[in-house]
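Contents: one structure, followed by commentary.
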Amino acid sequence: AKNRGRDRWDAVDTGLRKAAAERLDLESQLRAAITDGELELHFQPIVGLLGRNVIGREALVRWRHPQRGLMPPITFLPVAEESGLIVELGTWVLRAAVQAAASSPHPGYVAVNVSPNQMIRPGLADQVEKALAESGLPAGQLVLELTESVMLSAAPSARQEIERLHGIGVRIVVDDFGTGFSALSYLRDLPVSGIKVDRSFTSGLGEDPQCDRIVEALIGLGHGLGIDVIVEGVETEAQSALLAGIGVEHAQGYLFGKPSPRYELLTA
Ligand code: C2E
Ligand code: CA
Ligand code: CA
Ligand code: CA
């Protein structure tokens, strides 16, 4: 029995080693992928709910892995976050997104996701200014999506970055709105131009009355503050109609367009 216990621990140990080795492997592959051009951006339209006109596009990163194929962000962003590679990855995404928008004749904005770890060290505003200058994209055509956790924990340096970005005309939108807050003070203290109501609320629309009430309340809050409200994850006409009925102006979701490697796929 003693031996069998030993064997079992050996097996666990081997498993852990293997997992750690795979993680390290992925990390070094990702490091190379950033410089070797294996990352790409897909763009998903953000539309006016009534006219279905494209007002902007969200840039979503993918990794075209030579062996594993097209990898969604969930498979490599956690490794990027833990290893610190997110800073390099974030810089690449920002430049590529701004470049894509600048090369398009379409006047809509491009929205770029910014991870909490990108806000920890100062320099984002500098980076953004540089990317805008390099590409010639007007600051008004760039939106940065920051999660609630960033807004809530916003350290003095992060606050300064946000203020500076606002100062140069870049808009800040709060992503995944409604999923994490226990305080809304940041909506008062920071220059926020919009909120994106999380997809988790959209799926229950029209089916779960509680869900409808919550979405209505979140939208009322946004409108009351005079900021833009975007609802994400809209997949059905029923959801779209319901949202239009409660005054939502902007939305995103498979109903209007899936993320696509082509920036211009939807120009309606
Ligand atoms: P997110 O910012 O909330 O982005 C929306 C996610 O929902 C995207 O998944 C999008 O493809 C998906 N989606 C959009 N419409 C629908 C819909 O109607 N139904 C369903 N079921 N899903 C929909 P994706 O591209 O896999 O990205 C996942 C998350 O990864 C993003 O969530 C964002 O947090 C993160 N992410 C993606 N690109 C970047 C990036 O360049 N930088 C950083 N820091 N994070 C990124
Ligand atoms: Ca987002
Ligand atoms: Ca979101
Ligand atoms: Ca989300």
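Given the conditions (1) among the polar types (S, T, N, Q); (2) buried (at least 19 other Cβ atoms within 10 Å of the Cβ); (3) part of a helix (DSSP H, G or I), and given that Gln44 satisfies all but one, which numbered condition is not satisfied?
Single failed check for Gln44: (3).
Scan the range 184-219 for residues that are away from ligand 2 (no atom under 16 Å from the Cβ), open to solvent by 40 Å² or more (accessible area, probe 1.4 Å) and on the phi < 0 side of the Ramachandran plot and report the count.
Looking only at that region, the number is 13.
Counting only residues that are more than 16 Å from ligand 4 (Cβ to nearest atom) and either part of a helix (DSSP H, G or I) or open to solvent by 80 Å² or more (accessible area, probe 1.4 Å) (or both), how many does the range 103-133 have?
Here is the first cut: in the range 103-133, the residues more than 16 Å from ligand 4 (Cβ to nearest atom) are 103-110, 117-133.
From what is left, the residues that are either part of a helix (DSSP H, G or I) or open to solvent by 80 Å² or more (accessible area, probe 1.4 Å) (or both) are 103, 105, 107, 117-122, 124-133.
Total satisfying the criteria: 19.
Can we say Ile86 is open to solvent by 40 Å² or more (accessible area, probe 1.4 Å) and either of a type in the set (Ser, Thr, Tyr) or under 14 Å from the mean Cα position of the chain (by Cα) (or both)?
It is false that Ile86 is open to solvent by 40 Å² or more (accessible area, probe 1.4 Å) and either of a type in the set (Ser, Thr, Tyr) or under 14 Å from the mean Cα position of the chain (by Cα) (or both).
Quick one: is Arg62 within 16 Å of ligand 2 (Cβ to nearest atom) and under 26 Å from Gln141 (Cβ atoms)?
Against the criterion (within 16 Å of ligand 2 (Cβ to nearest atom) and under 26 Å from Gln141 (Cβ atoms)), Arg62 qualifies.
Pairs under 9 Å by beta carbon, first residue of a type in the set (Ser, Thr, Tyr) in the range 53-80, partner not in a strand (DSSP E or B), six or more apart or different chains?
Partner pairs satisfying both residue conditions: Thr75/Leu26; Thr75/Arg68.
For the range 178-248, which fully contained helices (runs of 4 or more DSSP H) count at least 3 residues that are among the aromatic types (Phe, Trp, Tyr) and either more than 15 Å from ligand 1 (Cβ to nearest atom) or over 28 Å from Glu163 (Cα atoms) (or both)? Give the steps one after another, and end with the answer.
Numbers: elements: 185-189, 199-202, 209-224, 237-245.
The helices (runs of 4 or more DSSP H) meeting that bar number zero.
Taking the criterion of being within 13 Å of ligand 3 (Cβ to nearest atom), at positive phi and part of a loop (DSSP other than H, G, I, E, B), would at least one residue in the range 134-151 satisfy it?
No: the range 134-151 contains no residue that is within 13 Å of ligand 3 (Cβ to nearest atom), at positive phi and part of a loop (DSSP other than H, G, I, E, B).
The values are calculated or read from the model by the stated rules, or taken from the named source; none is laboratory data. What you see is a predicted model, and the numbers here were worked out from it, not measured in a lab. Cβ coordinates were reconstructed from backbone atoms using ideal geometry, including for glycine residues, and neighbour counts include every protein chain displayed. SASA here: full protein model, heavy atoms, side chains in, ligands and nucleic acids out. Shrake-Rupley method; radii C 1.70, N 1.55, O 1.52, S 1.80 Å.
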